Every structure is written in structure tokens, then in C-alpha cells.
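What follows is a set of notes on a single structure, which appears directly below.
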Amino acid sequence: MRSIKPLRGSCALTLTAAALYAGHGYANTVSVTVENLQAPGGLAATPIWFGAHDGSFDLFDVGSLSNAALEAIAEDGNFAPVAAFFASETGGTGQGGVITSPAGFPGAPVFEPGESVTQALNLAPGQRFLTLAAMVLPSNDAFIGTDNAVELFDAVGNFLGPQTLLFGGPGGAAIYDGGTEANTELDAAFLNQGAPDTGETESNPISLHPGFIGSFGGPALGPNGETGSILGGLLPNGETIDPTIADFTSPQFGPYLRVTIEAVPSPNVIPTPSAAAAGFALLGALAVRRRRRREADDA
């Protein structure tokens, strides 16, 4: 079953007049920064698909079979099926799209190592949660994504604080195996795939990816005895995939992708106190009134 676990930024609580306001002067506009933290020779990523919604949308669950929308992302970086699925599941109330990296691989706006893009999302009221997904390049069906939607705003529209999401590496969310294409490292997108959806089909639940063939923690051979094609492989642009940098099972593997979500301040938004803040303000006013009354009586 899907569960939503809000990821909230930490904050120190100081009971000043300004801190009692829940709105903090923010509109429903957030900036999303996507960074590929890999060094040259490391992994790339397809554009990042996002869906902003009311919390009811669920793209995938670890331990369950991939749906057609996730399969298209994990195998080919194809976002047309997820766009249709998202529109159907949210009844048109959600907002979906793709964050691209125009400086990416020639002819394809992928996130190569070291590339970063920031995009503003203007969210409608009720679009409080964000779901993300992207394909790991190169691979058969490796992907990253938020198996629990990220809560950006509370139920009355207050921004819950900046959030940083890490994928891969110590402290980061997992790299997943879509379970729909055998990890033969043949017909692997961005490496040696001749056409979309051409790998060896399988039907396994979504799981943690075991690693590339010959990797530190991965299998020595592929499912049919294949030797590795990814680590040390040659990309179409002539660059080599570094066997150490691109090995996400290695203890030395650092975070792969970083997604930072921040609210965009709006000078036109007047913050309104929450119910709790109003209660604190009332108690403070009563305390001041009682103190002044005592001072008047003593005089």
C-alpha cells in the first residue's frame, strides 16, 4: 500500500511575532533544481519527470510490478505514457511535466555528469505533493524516483520548508530495477540500444538494482552469462564509462542526483496566521493586559 511520508526541512522555533505566521509570504511557486553530481565518466540521467498533485497519485511501489507508465520511463526514458496515466489518475487536477538539460548529450536533453538546471513550477491550490522519476543512463531498466510523494505544502497551503532529495550513494534514495527488462546490458539505452523497447522482457517486482555486471557488489555475469557492457563501455559520443565512478554499488560512490526544492517568495502575498499562531497571539495579548492591570493596581 502507498504511504506518504512528508520530507520536511528542519527549523528552529522562536516565538516571535514574525514566526507565528504560517504563510511566510510565499506563493504556490517553487523552484526545482536538478543536479547530476557525478564526475566525468559517471552516470547520466534522462530528463526528470514530475507530477504535482493532491497526494492521491502513486507511480510505483517497491515490491510490486511496474505499470506501463513506469516501464516506459525505466526502459526508454519515454514520458508519453506517464503523462497520459497521470492525467487519468488525477482527473486533470494535477500538473505534470519534464525538466530537461538543454546542455546534455547532442540531440538529447539528458543530465550528463556535472550538469544542473533550475526550473520554476507554478502550482495550483491543492497541488501539494510532488512525484519524480527518471531513467538511469546507461542501463536496461534502472531508474530513480520518489516511491513516497514529497509533501511541499500543508493542507491550508503553507510551505513546509526547503527540501533536498539525494538519489544514489550514502544517504541517498535507492537506484531501482524496474523488473521489466533483463539486465543483460544489451539493448541498453544510451549505449547500445538499436530501437526502443528491444531488450529481453521479464516480469519481476520493482526492487533495489543489483548493480551492473562486474561491479563491486553486482553480478559477475549477466542472466544468460553475458559479460559487462556498461562499466568501461564506450558511449556514442566517444566517452568511456568509468568503471569506478559509475559503479553505484561501490562504497566510494557518491550521491548521483540532487534535487532541491525551494519556495519562491512573493511580495504580493500577505501571510496569514495559522489557528495555532492565532492562539499564541491571543494568549500573549491577554498576558500583556494582565501585567498592565497589575502594574496599574500597584500604582
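The values are calculated or read from the model by the stated rules, or taken from the named source; none is laboratory data. Just so it is clear, the structure is predicted and the values come from calculations on it, not from any experiment. Note that each Cβ is placed from the backbone with ideal geometry, even for glycine, and that neighbours are counted across all protein chains shown. The accessibility values were calculated without ligands, DNA or RNA, using every heavy atom of the protein model including side chains. Shrake-Rupley method; radii C 1.70, N 1.55, O 1.52, S 1.80 Å.
Per-structure values
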| read-out | value |
| --- | --- |
| Sites E239 and N148, calculated FRET efficiency, Cβ-Cβ separation with R0 30 Å, nearest 0.05 | 0.30 |
| Note, ³J(HN,Hα) from phi for the stretch 39-45, Karplus 6.51, -1.76, 1.60, rounded to Hz, x at Gly and Pro | 7, x, x, x, 7, 9, 9 |
| Residues with amide H under 5 Å from that of E181, placed H, sequence gap 5 or more | E202 |
| Accessible area of the stretch 32-87 belonging to carbon and sulfur atoms, whole % at 1.4 Å probe | 58 percent |
| For the stretch 103-156: rounded, prolate or oblate by the Cα gyration tensor [a/c cutoff 1.5] | oblate |
| FRET efficiency for A174 and T33, using Cβ-Cβ distance with R0 set to 22 Å, rounded to 0.05 | 0.55 |
| Derived scalar couplings ³J(HN,Hα) [the stretch 50-67; Karplus, 6.51 cos²θ - 1.76 cosθ + 1.60; whole Hz; x for Gly, Pro] | 10, x, 9, 7, 8, x, 8, 8, 9, 7, 7, 9, 4, x, 10, 6, 5, 7 |
